[in-house]
Amino acid sequence: MSSLHQNLPMRRKMIMRKRIATRGLTNFIRNSWLSAAAVIVMSITLFTVFMASVATLVLNDTVDVLKTEKLDLSLYLKNDTPENIYLMLKSDIAKDDNVLSVALTTSEEMAQKALESASGETKQAIDDVGIDLSETMPIGISIKVKNISDLDSLRGVVLDDYYRSYIDEVNYYDQQFYNNENDRTVSTITDWAQKVQLFGLILGGIFLFITILVIFNTIRMAIFARKEEIEMEKLIGAERYYIRGPFLVEAELYGVLAGIITTIGGYVLVSSINPWLESQGMAIDILQKIMFSLPWCILLVIGTIFVGWLIAEISARLAVRKYLRY
Amino acid sequence: MILIDRVTKIYDKSEQHSLDKVSLHIKPGEFVVLIGASGAGKSTLLKLLTREITPTAGKIVIGGLDYDDILEYEVPALRRRIGTIFQDFKLLPNRTVFENISFSLEISGASNKEIQTIVPKMIQTVGLAAKRDRFPDELSGGEKQRVAIARAMVRNPKILIADEPTGNLDIKNSAEIITLLSQINKSGTTVLLVTHDINIVKTLKRRTIALDHGRVVSDAPAGGVA
């Protein structure tokens, strides 16, 4: 190393950085049409990935909710099932590893519930006929399971010869439970979630490739447009980072702006489709939590902008490395 | 100040010697004129001095800096120590006179305050005070070259390399530029002037080195060329 090597004092480094940033901004404004095109293409890419992530999140959340809350099994025993049998069955079910909880509803309780939910006319008709509902209503066993797709062991307990003759029906997955099928609703939604994820990834990948090409070419054109200026800068002793820096700043501005546009667009769209999603029975709790609680919201905004910045930075560095060597 | 010791340069494609074992020694504060026809090797020599290219063989030492020891990333720092002016001025068209000159300080990390102090003085020195806010398109050839000289000198280099600075100028402007270079030399800066204009050589009466086909064919001391 020669005596030429010397580190600039921090104050001068800051001055240089500020000048690089200013020149990058000037280039961005000077090439306003190219800049606008680059920002739009990048925004489309980020928006595609953003919305695919939102869709995957909602679908996965819906699957989870269906698995843990809505897809509980209801087992109905015949009205005349002896108490010791249904209590023993309840106890055996509770021992299963896949079972979260078991709740028993006697035929009297079932009758009570039925009467409570019946309309006035129905109640009147029941009174007129003089039917004792508790003598006709089944005994209900409500089971919450950890994994609805894995009911083999539970099936083994319930369909045991000892209990089978007492079982009236298994609702509302009756057929699937008896036929050893996976839950169709869950598998359909899971399937959709995977498809959306894959579609989002493919589409995002295509747009990512286009974005890298667009930014790469925008920076390439900017380099060619300033060829003489760069040549002069080199000859009078501008450092490499001082010549390259403005091009990188210009591209970084594309990325950051696209990130901001995507975040705003994403929030507007998600806010407007949230009620519709809810009305369609989709679970939006996690989506709400991520997008509308402050810490998550900040993280999401910064994350989106960072991804935009990163894509732009990589594209610009490729262009600068190829067309600005010396 | 400048030591060139048996420097040879062969460009890869041509395999011809652009410079063939050229040796020179230029002392601090000297004003040296380098002359030669096209293809004599003048431009190659200047490119070697500004480290745009590296020699095939030989040694170059400027101001105690051995070029063999200079790493690639140190080249900009080397160029900032040498003032260079060109036949085609190489000014930034979208910058004013002031901005073109200040650019040389900007790349060194000078503060705005320093720039505001130094640049007006330099503009005054080259006689362009009335045109500090003009763009290059609004200047004559001679004025453009003055801007280029101011840009080269604003960092106060010890060496000034002038590559055909009067090549695009008329006689009057040429004479003014040469006078300006002489003034710069008087203030202690070593000047290496490349020209093919024999009239300048005759007027200046400075040490004159002639190159031909990549070799030094004469090295006449000051006042030696008539």
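One table, with the values for the structure above:
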| item | result |
| --- | --- |
| Accessible-area composition of segment A:33-104, carbon plus sulfur, in percent [1.4 Å probe] | 61 percent |
| Percent of alpha-carbon pairs separated by more than 34 Å within chain A | 53 percent |
| For segment A:274-287, Karplus couplings with θ = phi - 60° (6.51, -1.76, 1.60), whole Hz, Gly/Pro x | 3, x, 5, 4, 5, 5, 8, x, 7, 8, 10, 4, 5, 4 |
| Ratio of Rg to Rh over segment A:267-326 (Cα coordinates, Kirkwood Rh, two decimals) | 1.29 |
| Residue pairs, from the table A:LYS13/B:LYS59; B:LYS59/B:LYS158; A:LYS322/B:LYS47; A:LYS227/B:LYS59; B:LYS90/B:LYS131; A:LYS18/A:LYS227, whose Cα atoms sit over 29 Å apart | A:LYS13/B:LYS59; A:LYS227/B:LYS59 |
| Accessible area of segment A:86-176 divided out per residue, in Å², using a probe of 1.4 angstrom | 58 Å² |
| Percent antiparallel among DSSP beta bridges (both partners in the protein assembly as shown, rounded to 5) | 65 percent |
| Length added when fully stretched, A:MET14-A:LYS123, from 0.36 nm per residue minus Cα-Cα | 30.9 nm |
| Distant-in-sequence amide H partners of A:ASN98 (H built 1.01 Å from N, under 5 Å) | none |
| Size of the B/A contact, given as accessible area buried on both chains, probe 1.4 Å, in Å² | 2500 Å² |
| Per-residue HN-Hα couplings for segment B:158-165 [Karplus 6.51, -1.76, 1.60; θ = phi - 60°; Hz; x = Gly/Pro] | 7, 10, 10, 9, 10, 9, 6, x |
| Cα-projected label distance for B:ASP12 with B:ASP170, points at 7 Å along beta-carbon direction, nm | 4.6 nm |
| Ranked by how many other beta carbons lie within 10 Å on average, peptides A:267-274, A:314-321, A:291-298, B:137-144 from highest | A:314-321, B:137-144, A:267-274, A:291-298 |
| Segment A:192-273 - accessible surface per residue (Å², probe 1.4 Å) | 47 Å² |
| Candidates B:SER187, B:SER174, B:SER23, ranked by Gaussian network fluctuation over chain B, Cα under 10 Å, top entry | B:SER187 |
| Per-pair calculated FRET efficiency, R0 = 56 Å: B:ALA57 and B:ALA129 via Cβ, rounded to 0.05 | 0.70 |
| Extended-chain gain in nm, criterion 0.36 nm per residue less alpha-carbon gap, A:ALA36 and A:LEU115 | 21.7 nm |
| Segment B:95-150, dipole about Cα centre (Lys/Arg Cβ +1, Asp/Glu Cβ -1), debye to the nearest 20 | 140 debye |
| Neighbour-limited loop hits for chymotrypsin sites (Phe, Trp or Tyr not before Pro), segment B:3-92 (at most 16 other Cβ within 10 Å; DSSP other than H, G, I, E, B) | B:TYR11 |
| Computed FRET value (nearest 0.05) for A:ASP152 with A:ALA103, which takes r as the C-beta separation and R₀ as 25 Å | 0.65 |
| Long-range tail of P(r) for chain B (Cα pairs > 25 Å, %) | 40 percent |
| Loop-located trypsin sites (Lys or Arg not before Pro) in segment B:1-48, at most 14 other Cβ atoms within 10 Å (DSSP) | B:LYS13 |
| Spherically averaged projected area in nm², based on the convex hull that wraps the Cα atoms of segment B:118-226 | 7.6 nm² |
| Average accessible area per residue (Å²) across chain B - probe 1.4 Å, nucleic acids and ligands excluded | 45 Å² |
| R0 of 30 Å, Cβ-Cβ distance B:ASP88-B:GLN116: FRET efficiency to nearest 0.05 | 0.55 |
| Helix axis angle, B:97-106 relative to chain B longest principal axis, alpha carbon, degrees | 60 degrees |
| The protein assembly as shown - Rg over Rh from alpha carbon coordinates, Kirkwood radius | 1.35 |
| Residue-averaged beta-carbon neighbours from other chains (10 angstrom radius) around B:98-110 | 4 |
| Dipole moment magnitude, nearest 20 debye, segment A:57-129 about Cα centre, only Lys, Arg, Asp, Glu C-beta charged | 160 debye |
| Listed residues A:ASP152, B:ASP66 arranged by accessible area, highest first, probe 1.4 Å | A:ASP152, B:ASP66 |
| Share of alpha-carbon pairs per 5 Å distance bin for segment B:177-226, given as whole % | 5, 19, 28, 27, 14, 6, 1 |
| For A:VAL157, net neighbour charge (Lys/Arg +1, Asp/Glu -1) across residues whose Cβ lies under 9 Å away | -1 |
| Exposure of A:ILE15 as accessible area (Å², to 10), given a probe of 1.4 Å and all protein chains | 30 Å² |
| 10 Å Cβ neighbours from other chains, averaged over peptide B:88-94 | 3 |
| In nm, spacing of pseudo-spin labels at B:ASN199 and B:ARG95 (7 Å Cα→C-beta vector) | 3.3 nm |
| Fully extended contour minus Cα-Cα distance, from A:LYS195 to A:ASN217, at 0.36 nm per residue | 4.6 nm |
| Spin-label model distance (nm) - B:LEU71 vs A:LEU269, 7 Å beyond Cα toward Cβ | 4.8 nm |
| Helix axis angle, B:112-125 relative to chain B longest principal axis, alpha carbon, degrees | 70 degrees |
| Cross-link partners of B:LYS205 among aspartates and glutamates (Cα-Cα below 15 Å; sequence separation of 8 or more within a chain) | B:GLU30, B:ASP197, B:ASP219 |
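The values are calculated or read from the model by the stated rules, or taken from the named source; none is laboratory data. Small disclaimer: the values here were computed from a predicted structure and weren't measured. No Cβ is skipped: glycine too gets one built from the backbone with ideal geometry, and neighbour counts run over all protein chains shown. Quick note on the areas: whole protein, heavy atoms, side chains included, nothing else; ligands and nucleic acids left out. Shrake-Rupley method; radii C 1.70, N 1.55, O 1.52, S 1.80 Å.
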